[in-house]
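Written out below as structure tokens is the structure these notes cover.
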Amino acid sequence: MRCLPPLLLLMLSLQLSAQEPVLSLDSAQQQARQNYPLLRQQEVQDNITRLQLRNIKTNYLPQVELNGQATYQSAVTSIPIKLPNMDIPELSKDQYKATIDVKQLIYDGGATASQRDLQLAQQQAENQKTEVELYKLRQQVLQVYFNALLWNEHIAAREQMMAEMKQRKERLQAGVENGTVLASQVDQLQAELLKTEQQHFEAKTGRTAAYKVLSLLTGKDVPENTRLQLPAAAQEKSEALNRPELRLFRLQTDVLQQQSKLTGTRAMPKVSAFAQGGYGRPGLNMLENKFDFYYLAGLRLNWTLWNWRKDRTERAIIREQEENIQTQSDAFALNTRVQLQQQSSEIANLTGAIERDREIVELRTKVKNVSAAQLDNGVLTVHDYLTDLNAETQAVIAQRTHEIQLVYATLYYQVIKGY
């Protein structure tokens with residue numbers, strides 16, 4: 001068979017690489033965020049706040065009311081004297097009134113402004129709750145992504161092991177045919193090959209499940225030939241916290257402070273202008289028993305001087321709630337720093353393990369190569385060779401697992417901090 005030119009091989013390699021889909025961790029997390037249903041909740045909350053602010057603004061607009069009233073009363077106002085040559089009309093006991101009342105707020109002690117600030121604070125707090133859930137999603141994607149990477153390493157190690165065992169099996173089979181090797185040696189190797197194929201199948205099943213979860217989270221099809229890029233390990237190890245939960249605690253405190261300000265406006269005086277135009281019997285002139293138009297206008301002052309310290313009690317309740325939120329924030333920060341310390345220890349352990357893994361793999365490979373040569377020369381049993389081959393494969397898997405786990409540990413350290 002004629003060999004292909006190097007240039008053609010390079011072109012074919014580039015073409016295959018271009019066809020192979022690639023997915024990075026950042027892309028997976030961004031796609032998962034855009035696909036997560038709760039992200040649309042922020043849009044809904046923004047629309048709710050916008051409508052609520054529109055309603056609050058109406059406090060500054062004139063309020064118009066149409067009122068009507070029809071009454072019958074047992075007695076009416078009358079003059080208990082009679083004057084000569086003068087007829088004083090008697091008012092009817094059935095009276096009617098229809099009015100249009102216009103009210104214009106002039107000063108409300110800052111109540112409307114406080115209501116607006118409260119709605120904005122509540123909007124930020126609700127949106128931050130969504131950010132907390134999205135942050136949990138980020139952690140979930142990180143975990144699934146690295147599980148898929150680990151399964152890929154298991155698959156690669158098993159495939160390498162199977163390829164070597166098949167090569168040894170062919171050589172042993174030739175020896176059986178020549179009468180220099182027992183058939184049981186080939187059977188023993190075949191049994192171990194079947195066991196390795198079973199482990200390979202289990203690893204592929206685990207990878208399939210991980211890829212399916214990634215597809216669900218990202219909302220994109222992630223086929224199994226997708227190449228997952230191993231991200232670089234994070235270097236910064238400061239313990240400054242920037243978790244979305246901590247910001248949520250601060251925003252919840254802001255909401256309570258705005259509620260306290262709104263409560264304080266109840267004790268402030270309220271000034272408004274009003275005008276009333278009406279038609280009824282009697283009009284403003286009570287001595288004329290006929291239907292007539294009338295109007296009046298003026299200013300109105302409302303000031304609650306005493307409400308049994310209700311506002312003071314409500315503000316005291318709000319202060320207790322603020323203290324409760326601060327306690328939750330402190331507890332969360334403490335637990336987070338404990339997690340950081342534990343994760344830092346995990347990073348140190350994995351770093352040390354990787355240094356030993358390299359030496360172990362190198363030694364296991366040397367031992368396995370010697371065993372393979374001895375097996376080919378007929379001075380070593382298949383059982384001993386398989387023992388060394390399994391030891392080498394487990395050492396390779398352990399090294400690659402620790403390397404991936406170290407990257408995951410450094411990234412998860414950043415996740416715990418909130419970056």
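The values are calculated or read from the model by the stated rules, or taken from the named source; none is laboratory data. Here the structure is a predicted model, which is why all the values come from computation and not from measurement. A quick note on method: Cβ atoms are made from the backbone with ideal geometry, for glycine too, and the neighbour counts reach across all protein chains shown. Keep in mind that these areas ignore ligands, DNA and RNA; they rest on the heavy atoms of the full protein, side chains included. Shrake-Rupley method; radii C 1.70, N 1.55, O 1.52, S 1.80 Å.
The angle separating the long axis of helix 183-218 from the principal Cα axis of greatest extent in the chain is about 20 degrees.
Against the chain, whose longest principal axis is taken from its Cα atoms, helix 6-19 shows a tilt of about 30°.
Restricting the range 63-152 to trypsin sites (Lys or Arg not before Pro) that sit in a DSSP loop and have at most 11 other Cβ atoms within 10 Å of their own Cβ leaves K82, K93. Structure remark: mean-square fluctuation, Gaussian network model of the chain, C-alpha springs under 10 Å; the largest value among Q34, Q160, Q343 belongs to Q160.
Restricting the range 197-296 to chymotrypsin sites (Phe, Trp or Tyr not before Pro) that sit in a DSSP loop and have at most 15 other Cβ atoms within 10 Å of their own Cβ leaves F291. The relative contact order of the chain comes to 23 percent, based on Cα pairs under 8 Å that sit 6 or more residues apart. Applying a threshold of 26 Å to the alpha-carbon distances of K195/K366; K212/K368; K204/K417 flags K212/K368; K204/K417 as lying beyond it. Using Cα springs under 10 Å in a Gaussian network model of the chain, which residue among L363, L389, L137 shows the largest mean-square fluctuation? Largest GNM mean-square fluctuation: L363. In the context of the full set of protein chains, residues of the chain present 62 Å² of accessible surface per residue (probe radius 1.4 Å, heavy atoms only). Note on the chain: with a GNM built from Cα contacts shorter than 10 Å, the maximum mean-square fluctuation among V213, V76, V255 falls on V76.
The eigenvalues of the Cα gyration tensor, multiplied by 5 and square-rooted, give the range 283-324 an equivalent ellipsoid with semi-axes of 50, 11, 9 Å from largest to smallest. Measuring nothing but protein heavy atoms, the accessible surface of the chain at 1.4 Å probe radius is 54 percent carbon and sulfur.
Among the GluC sites (Glu not before Pro) found in the range 206-287, those both in a DSSP coil and sparsely packed, with 16 or fewer other Cβ atoms within 10 Å of their Cβ, are E224, E236, E239.
The lysines whose alpha-carbon is closer than 30 Å to the alpha-carbon of K57, local same-chain residues fewer than 8 away aside, are K103, K129, K261, K270, K310.
Relative contact order for the range 273-419: 20 percent, from Cα pairs under 8 Å spaced at least 6 residues apart, divided by residue count. If you line up the long axis of helix 39-57 against the longest principal axis of the chain, both from Cα atoms, how many degrees apart are they, to the nearest 10? It is inclined by approximately 10 degrees. Orientation-averaged projection of the chain equals 39.0 nm² [convex hull of Cα atoms, one quarter of hull surface area].
Summing charges over all other residues whose Cβ lies under 14 Å from the Cβ of A273, with Lys and Arg as +1 and Asp and Glu as -1, gives +1.
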